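In what follows, a single structure is set out as structure tokens and then discussed.
Bear in mind these aren't lab numbers, they're just calculated from the coordinates by the rules spelled out. Since the model is a prediction, treat every value here as computed from it, not as a measurement. No Cβ is skipped: glycine too gets one built from the backbone with ideal geometry, and neighbour counts run over all protein chains shown.
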Amino acid sequence: MDSDEFAVAGRQMIDYVIHYLENIRDRRVFPTVKPGYLRELIPKDAPEKGETWEAVFGDIERVIMPGITHWHSPRFNAFFPTANSYPAILADILSDAIGCIGFTWAASPSCTELEVVMMDWLAKLLKLPAEFLACEGGKGGGVIQGTASEATVVGCLAAKSRKIKAIKEEDKEHPEITERDILSKLMCYASDQAHSSVERAALLGALNIRLIKSNEDFSMDPKLLEEAIQKDKADGLIPFYVVATLGSTPCCAFDSLVDIGPICQREKVWLHVDAAYAGSAFICPEFRHYMEGIEYADSFNFNPHKWMLVNFDCSAMWIKDSAELVEAFNVDPLYLRHDKQGLVPDYRHWQIPLGRRFRSLKLWFVLRMYGVEGIQGHIRQQVALAKEFEQLLKDDNRFEIVVPVRMGLVCLRLKGSNELSEKLLKRINESGKIYVTPSKLREKYIIRFCVCATRTNSEDIKYSWKVISDFAKEILEENKHDAKKPVAQLATAEE
Ligand SMILES: Cc1ncc(COP(=O)(O)O)c(C=O)c1O
């Protein structure tokens with residue numbers, strides 16, 4: 001493809017993208033294809049001779065689209081959102097064209113420098129403590145990771161390295177205590193509502209983790225955390241890493257940093273805060289009370305790629321003392337060194353892979369083109385739509401709202417047995433009209449309805465409500481005999 005052909009194909013692709021996104025409502029949100037469908041549609045081997053753009057372009061609708069779950073459809077109410085905006089798409093085009101791998105400052109100075117400044121912009125917008133900012137001249141700073149899961153692993157490894165160093169310094173008279181001895185005793189903690197990636201971080205680091213029982217409101221019980229830490233210490237174990245969640249995956253619960261933070265500080269335990277979804281909302285002052293106590297955190301992370309109009313992947317992580325990351329991950333081969341080392345961050349020391357894309361470009365484009373007001377407006381509108389949906393549920397006594405709606409997530413169920421809500425979810429998703437996902441809170445099976453797409457409007461909420469309400473009517477009629485039985489009596493085999 002030469003530049004003239006690229007110009008034509010590029011315009012065609014941009015037109016296709018616009019048409020796709022602006023008419024996405026008309027597509028069935030969840031595909032009907034069966035596993036293995038795609039292999040049947042394309043040749044068994046790569047072509048010997050290059051094909052035309054027209055042939056490739058024609059296969060988007062034939063091969064790819066039948067198997068797409070349309071995450072940006074206003075009928076998509078599953079999981080948490082993944083962001084999408086035209087400025088971010090434009091930035092990614094440019095990033096692909098520049099195509100640099102910004103692992104050190106010298107590998108592409110603007111790639112590193114824009115990221116440092118964007119992370120400061122973002123930290124200031126969220127009103128993070130000044131210690132997290134690079135521009136304050138301290139040790140802090142931000143880095144763009146690919147995902148929140150990576151941030152949790154990075155925090156965990158830095159915490160491990162800090163704890164090992166501290167023990168070795170304290171125990172200089174006992175050089176026989178090896179790193180291996182310490183490693184086997186290290187303990188991580190998180191709430192039983194924390195994302196599965198926290199447990200996975202411990203698994204990847206071959207570390208032990210204790211999940212602390214959550215309170216009535218599904219936040220981590222600080223008293224139980226304290227008790228667990230004391231008991232573990234008494235048993236010779238070494239607490240070193242606590243992950244607090246702001247906006248849990250099952251129901252958007254918030255752990256109390258004000259209560260957890262002092263425990264971590266006293267026990268010299270690293271506090272990582274995972275605000276993957278809810279963090280974007282802290283750009284609005286009215287939601288910042290959920291992050292009260294953030295000054296206790298050693299590291300903080302949220303995903304602008306979830307709810308802040310920046311396309312995947314862009315997970316923002318800050319750390320108070322970046323030297324602790326560099327120490328944890330520093331290997332320094334000659335071929336990666338440069339003569340400005342130490343004057344600017346070399347982000348290869350702040351992450352797991354070596355290679356990294358120019359992701360700060362999309363943050364820059366989005367922040368400039370929407371402005372703070374535009375992003376605040378987006379968050380507020382989505383929360384208002386969730387509240388509108390909540391009101392429809394409140395007015396219908398067949399439904400139970402399981403936890404208060406705080407942001408864009410509504411957790412609902414049909415009153416009565418779990419089986420009823422399981423059937424309801426299955427019927428909704430089989431219809432392909434909207435797409436929702438399940439979760440379980442204590443013994444209750446719930447349906448998570450999240451306002452996800454940027455194009456979702458009040459009409460979409462009414463449409464979704466009608467779909468749910470109509471299927472609920474069908475199911476309740478078919479199951480009249482057990483509609484009134486309490487949950488416990490009808491516990492499913494899984495429970
Ligand atoms: C609270 C929380 N933490 C972590 C994650 C994992 O996010 P990622 O896919 O960026 O690793 C999620 C995903 O929804 C989440 O809700």
*Roughly how many debye, to the nearest 20, is the charge dipole of the chain about its Cα centre, given +1 on each Lys and Arg Cβ, -1 on each Asp and Glu Cβ, and no other charges?*
960
_Taking the alpha-carbon distance from Lys172 and a cut-off under 16 Å, which aspartates and glutamates remain once sequence neighbours fewer than 8 residues away in the same chain are dropped?_
Asp181
*Can you give the charge dipole size of segment 100-357 about its Cα centre, rounded to the nearest 20 debye, using +1 on the beta carbon of Lys and Arg and -1 on the beta carbon of Asp and Glu?*
480
*Nitroxide proxy distance, nm - points 7 Å out along Cα→Cβ at Ala323 and Ile177*: 2.2
*Would you calculate the separation in nanometres between label points at Lys415 and Leu41, each defined as 7 Å from the Cα along the Cα-to-beta-carbon direction?*
4.5
*Quick one: order His349, His305 by neighbouring beta-carbon count within 10 Å, fewest to most.*
His349, His305
*Using 0.36 nm per residue, how much length does the chain from Arg368 to Leu204 gain when fully extended, once their Cα-Cα distance is taken away?*
55.3 nm
*Cross-link pairs Lys306/Lys423; Lys362/Lys466; Lys306/Lys462 - those with Cα-Cα distance over 26 Å*: Lys306/Lys423; Lys362/Lys466
*Just rank Ser417, Ser191, fewest to most, by other beta-carbon atoms within 10 angstrom.*
Ser417, Ser191
*Based solely on C-alpha atoms, express the radius of gyration and the Dmax of segment 100-357 in angstrom.*
18.0, 56
*Once you have the Cα-Cα distance between Lys444 and Phe6, take 0.36 nm times their residue separation minus that, and quote the gain in nm to one decimal.*
152.3 nm
_Cα atoms only: what Rg and Dmax, in Å, come out for segment 311-375?_
14.9, 46
*Quick one: which of Lys387/Lys415; Lys124/Lys444; Lys168/Lys233 span more than 29 angstrom between C-alpha atoms?*
Lys124/Lys444
*asked:* Take Asp217 and Asn330, extend 7 Å from each Cα along the Cα→Cβ direction, and tell me the distance between the two endpoints in nm.
replied: 4.3
_Checking understanding here: applying a Kyte-Doolittle mean of at least 0.5 and a length along the axis of at least 24 Å (C-alpha), which whole DSSP H helices in the chain pass?_
109-126
*Just round it to a whole percent: the fraction of Cα-Cα distances in the chain exceeding 42 Å.*
25
*segment 368-427 - Rg and Dmax from Cα coordinates, angstrom*: 15.3, 49
*For segment 100-357, with the dipole built from +1 on Lys and Arg beta-carbon atoms and -1 on Asp and Glu ones, taken about the Cα centre, which of Pro129, Ser315, Leu211 lies farthest toward the positive end?*
Ser315
*Which far-off residues, 5 or more places away or on another chain, put their amide H under 5 Å from the one on Val344, with H placed in the peptide plane?*
none
*nm² value of the averaged projected area, convex hull over the Cα atoms of segment 214-296*: 5.5
*Which of Thr245, Thr104, Thr437, Thr69 comes first, and how do the rest follow, when ranked by fewest Cβ neighbours within 10 Å?*
Thr69, Thr437, Thr104, Thr245
*If you place +1 on the Cβ of every Lys and Arg, -1 on the Cβ of every Asp and Glu, and leave all else neutral, what size is the dipole of segment 249-400 about its Cα centre, to the nearest 20 Debye?*
660
